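Notes follow the structure.
The values are calculated or read from the model by the stated rules, or taken from the named source; none is laboratory data. All values reported here derive from a predicted model rather than from experimental measurement. Cβ coordinates were reconstructed from backbone atoms using ideal geometry, including for glycine residues, and neighbour counts include every protein chain displayed. Quick note on the areas: whole protein, heavy atoms, side chains included, nothing else; ligands and nucleic acids left out. Shrake-Rupley method; radii C 1.70, N 1.55, O 1.52, S 1.80 Å.
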Amino acid sequence: MMIYLLFAVLIAILSVSYYTGSVSGYKAGIASLLVMLILAGGINHFTLWLTQGNALVSGIFSLLSPAIGAIFMLMMSNGKRS
């Protein structure tokens, strides 16, 4: 169960960084990929510590990383247009 959740997080991170790269350029895509991977790892380790080892909750909270990346990309692209 847990491997599928982490695979879904990885797919979401890759798709958001690809979209960011196609909208804002390849450098922004690579930067967003690296930042989202670091953010997902940090969220995963922090929630594992916080929930005393509950991997399912930690995996679900790792889905926040691509959501934060998508929100950041939308904010940057809206500022770029005006």
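Here are some notes:
- The chain - Rg (one decimal) and Dmax (whole number), Cα, Å: 13.7, 46
- The residues of the chain expose, per residue, 69 Å² of accessible area to a 1.4 Å probe.
- FRET efficiency, ILE11 to MET76 (Cβ-Cβ, R0 22 Å, nearest 0.05): 0.50
- Between SER24 and ALA67, the contour length at 0.36 nm per residue exceeds the Cα-Cα span by 13.8 nm.
- The C-alpha atoms of the chain define a longest principal axis, and helix 26-50 lies at about 20 degrees to it.
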